[in-house]
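The structure appears below as structure tokens.
The values are calculated or read from the model by the stated rules, or taken from the named source; none is laboratory data. These figures come from a predicted structure and were not determined experimentally. Backbone-built Cβ (ideal geometry, glycine too); neighbour counts: all protein chains shown. Side chains included, ligands, DNA and RNA excluded: accessible areas come from the protein's heavy atoms. Shrake-Rupley method; radii C 1.70, N 1.55, O 1.52, S 1.80 Å.
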Amino acid sequence: GPFPSSYPSNHPDPHLGAKSVRELYEKVGDTFGKYTVPILFDKQTKTIVSNEYAEIIQMLNSEFNHLAKYPNLDLAPKDLEDAMAEVDKWVYPDINNGVYRCGFAKSQKAYDKAIDELTEAFDKLEALLSKQRFVAGDQFTLSDIRLFVTLIRFDEVYIVYFKTNTRSVATSPALLNYCREIYQMPGVKETVNMAQIKYHYYCSHPDLNKYSIVPRGPDFERLLKMPHDRDNADAARKRKLSLESE
């Protein structure tokens, strides 16, 4: 498809001069598998350390504290390990990977199974986040980051492109409010480039979108910029729990 080779705000990799992910893999001689992201790259040894997101997110949380701006920030606290593992156990297959199972299904039966499981998980998340602030409890964790990166694409890409149109974040009050809070955390919105997200998806699969037409969409990011009331909702939940325990 006519995906631009670069955007005005994009620059080649500063260490090898690679202009694409494929070129980065080829420059370091790592050509035996798929050219995927994310990538954790060692600029001293000029090697790709990992391209497995579950490993990288854990490494970034704990292995580079000597370089971190906020070294005391721990997004995988020991006391929430079990809660995080429990939610990751169903969020990954039914939400993170669920959208791909819907989009790349090769039969109606496979699609129906995937969309049923995704819809059930979506409703489960809406109910969960109506009762607590984050997916593993009242603290923001790596599990929330893993979920957010799928939800941020859901309404603009997956509903149309991957046929996940049984639900939407925009019409799910708890999930929308949750996404607003995370999007408005310092440094997060700067990582969201919806134009490039959409061009990447809609122009990458000729079998799904032969002419690389990019739908205009509902401007979901506009909704994320509106105020959230998570502080008020959290306080109300705590007051309710306090009254119930008296």
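Using the 1.4 Å probe convention, the accessible area of the chain works out to 61 Å² per residue with neighbouring protein chains retained. Helix-only arithmetic for the chain: the sum of -39500 (n - 2.57) across DSSP H runs with n ≥ 4, divided by the residue total, places the mean residue ellipticity at 222 nm at -13500 deg cm²/dmol. For the residue pairs 43/69; 19/225; 124/210; 124/189; 89/131; 34/106, alpha carbon separations beyond 23 Å are given by 19/225; 124/210; 124/189.
So for each of 168-174, 153-159 I average, over its residues, the number of other beta carbons within 10 Å; can you give me the resulting order with the highest mean first?
Descending mean neighbour count gives 153-159, 168-174.
Gaussian network model of the chain, Cα springs within a sub-10 Å range: biggest mean-square fluctuation belongs to which of 94, 207, 112? Maximum fluctuation in the GNM of the chain, among the listed residues, is at 207. If the segment from residue 225 to residue 108 were pulled out straight at 0.36 nm per residue, it would be longer than the present Cα-Cα gap by 38.4 nm. Taking amide H as placed 1.01 Å from N in the peptide plane, the amide H of residue 41 sits under 5 Å from that of 49, each at least 5 places away or on another chain. How large is the charge dipole for the chain, taken about the Cα centre, if only the Cβ atoms of Lys, Arg (+1) and Asp, Glu (-1) carry charge, to the nearest 20 debye? That gives a dipole near 800 debye. Once you reduce region 44-106 and region 172-230 to the center of their Cα atoms, the two points are 20 Å from each other. Between residue 64 and residue 26, the distance separating the two model label sites (each 7 Å from Cα on the Cα→Cβ line) works out to 2.6 nm.
For region 1-92, the Cβ-based charge dipole about the Cα centre amounts to some 560 debye (Lys, Arg positive; Asp, Glu negative; other atoms uncharged). A protection proxy built from the mean count of other Cβ atoms within 10 Å ranks the segments 193-204, 136-147, 27-38, most packed first, as 136-147, 193-204, 27-38. Computed on region 87-208, with alpha-carbon pairs under 8 angstrom and 6+ residues apart, the relative contact order is 25 percent. Screening the chain for whole DSSP H helices with an alpha carbon extent of at least 20 angstrom along the helix axis and a mean Kyte-Doolittle hydropathy of at least -1.0 yields 108-131.
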